[in-house]
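> Dropping a structure here in structure tokens format, bear with me for questions.
The values are calculated or read from the model by the stated rules, or taken from the named source; none is laboratory data. Bear in mind that the values here come from a model prediction, so they are computed numbers and not experimental data. Using ideal geometry, Cβ is built from the backbone for each residue, glycine included, and neighbour counts are taken over all protein chains shown.
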Amino acid sequence: MDDSQLSLAGVRVLEIGGGIAAAYATRWMAGFGADVVRSEGADGELTGDEEVYLVAGKRRVAADSAELRRLALAADIVVEDQAPGALAATAMGPLDLRAERPALVVVSLTPFGQTGPYAGYKATNIVAHAMGGIMSLTGAADRPPLVNGGSQAFYLAGLNGFSAALTAYFGALVHGEGDWLDISAQECAAGMTELYAPRTEYMDLPAGLRSGNHISAVWGIYPLADGFGGVCALARQIPAFFRVVGDPDLQEERFADPMQRLANDDELRARLYAWFATKTKRDLLELGPAHKVPFGAVMTPADLLANESLAERHFFDEIATAGRPPAPVLPREGGEGRGEGRVRAPGRPFLGLPWRGGDLHEPGADTEAVRRDWLGGLA
């Protein structure tokens, strides 16, 4: 594929980061064709697996603060996740950079924003989830709240950084004026609570609407014969769902009527536990489209790597890991391994826009090339 076909071909992005948020925002930019240069000034916050996934496809430089400032002024977009005020202390404050180059877009990703009572606080993923309100919704009502798997709060902040950066960049193309975007991981998490957190605030309901794996019997996760799956049935889909279950008692008024169904939710849930226990993940994925019922299956990493649909749309990137010890890999169909130093990682998110994968470079490996390309060879 010709790189000129990529949506962000020719766009220069400087990543001044160390954590997940900035790295994830710029990983999307690199995939869609931007020339992403990652500074190695704040390394060490990513695990080895995170580094392979988040840094592949980027050029990596080692630069002092003076050279980093010149790279920032040569970029179209700067994405950073340093502590508030850290860049300003090295003569790289976002307002100072934009005063010198008004079209520049700067995205600052922090736990609690640049100002306010918590601005100077650090945060782990679990803190960002809790302070954003998501943990008021996760877990069983009679037990402590739970944090979602992985580092979703930081990935969510990075995703918001990606979309906000491109919006501001397109504005700069039209008007010649960029922006400084102050994005808080806490605020991003708060936006995910949808109607639930506002409902507790404005309807005088108790906080903590945790309902475990189920919002109701017809909306939740159940154990299957080979893992976990579930259903998210809206009112119009419930009759078809009950027909698939095939229990004649579900046609009774106490289950068919929406209000009576809520009053009998515990009994309905017990019946559905028994039905789901006889099904496999494949069963649900075949029954759903055949009967227009929104079934789903909880996929393991092995399930995803073997998924025919993901393979057909080239979802996974093949990443060479710069000669590092090979990560655990799954064999190809037929039993042959994938080879040392190569892994598969999530890549293009959807069809329709060209996507470019990439390999993992060593820290500082691209310093001279970036100096040549961005700064005309001047150190």
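> Go over the candidates GLU67, GLU51, GLU45 one by one and state the one that is more than 22 Å from the chain's Cα centre (by Cα), touching a residue at least 24 places away in the same chain (Cβ under 8 Å) and over 15 Å from TRP180 (Cα atoms).
From the options GLU67, GLU51, GLU45, the qualifying one is GLU67.
> Does at least one position in the stretch 256-272 carry a residue that is in contact with a helix residue (DSSP H, G or I) (Cβ under 6 Å, 6 or more places away or on another chain), within 30 Å of ASP303 (Cα to Cα) and either of a type in the set (Asp, Glu) or surrounded by fewer than 16 Cβ atoms within 10 Å (Cβ to Cβ) (or both)?
No, there is no match, as no residue in the stretch 256-272 is in contact with a helix residue (DSSP H, G or I) (Cβ under 6 Å, 6 or more places away or on another chain), within 30 Å of ASP303 (Cα to Cα) and either of a type in the set (Asp, Glu) or surrounded by fewer than 16 Cβ atoms within 10 Å (Cβ to Cβ) (or both).
> Could you look through the stretch 279-324, keep only residues that are in contact with a strand residue (DSSP E or B) (Cβ under 7 Å, 6 or more places away or on another chain) and in a helix (DSSP H, G or I), and pick out the one that is nearest to HIS361 (Cα to Cα)?
This residue is LEU305.
> Of the residues that make up the stretch 58-68, is at least one hydrophobic (A, V, I, L, M, F, W, C), assigned by TED's automatic domain parsing to the domain that holds GLN152, within 25 Å of ASN125 (Cα to Cα) and crowded, with 22+ Cβ neighbours inside 10 Å?
No, the stretch 58-68 contains no residue that is hydrophobic (A, V, I, L, M, F, W, C), assigned by TED's automatic domain parsing to the domain that holds GLN152, within 25 Å of ASN125 (Cα to Cα) and crowded, with 22+ Cβ neighbours inside 10 Å.
> Restricting to the stretch 149-169, and then to whatever is part of a helix (DSSP H, G or I) and not hydrophobic (A, V, I, L, M, F, W, C), can you tell me which residue is nearest to ILE77 (Cα to Cα)?
TYR169
> What pairs come out if I take residues in the stretch 116-127 that are among the charged types (D, E, K, R) and pair them with residues that are surrounded by 15 or more Cβ atoms within 10 Å (Cβ to Cβ) whose C-beta lies under 7 Å away, six or more apart or interchain?
These pairs meet every condition: LYS122/PRO111.
> Out of (1) outside any loop (DSSP other than H, G, I, E, B); (2) among the hydrophobic types (A, V, I, L, M, F, W, C); (3) without any contact (Cβ under 8 Å) to a residue 40 or more places away in the chain, the odd one out for LEU146 is which?
All conditions pass for LEU146, except number (1).
> If you don't mind, another one. Going by the conditions given, is LEU73 assigned by TED's automatic domain parsing to the domain that holds ASP366, modelled with pLDDT of 95 or more, within 28 Å of PRO363 (Cβ to Cβ) and of a type outside the set (Phe, Trp, Tyr)?
For LEU73, the condition - assigned by TED's automatic domain parsing to the domain that holds ASP366, modelled with pLDDT of 95 or more, within 28 Å of PRO363 (Cβ to Cβ) and of a type outside the set (Phe, Trp, Tyr) - is met.
> Please go through the stretch 1-39 and pick out each residue that is outside any helix (DSSP H, G or I), among the charged types (D, E, K, R) and either buried (at least 17 other Cβ atoms within 10 Å of the Cβ) or in contact with a His (Cβ under 8 Å, 6 or more places away or on another chain) (or both).
Within the stretch 1-39, ARG12, GLU15, ASP35, ARG38 qualify.
> Within the bounds of the stretch 220-236, is there any residue that is in a helix (DSSP H, G or I), under 24 Å from the mean Cα position of the chain (by Cα) and touching a residue at least 24 places away in the same chain (Cβ under 8 Å)?
no
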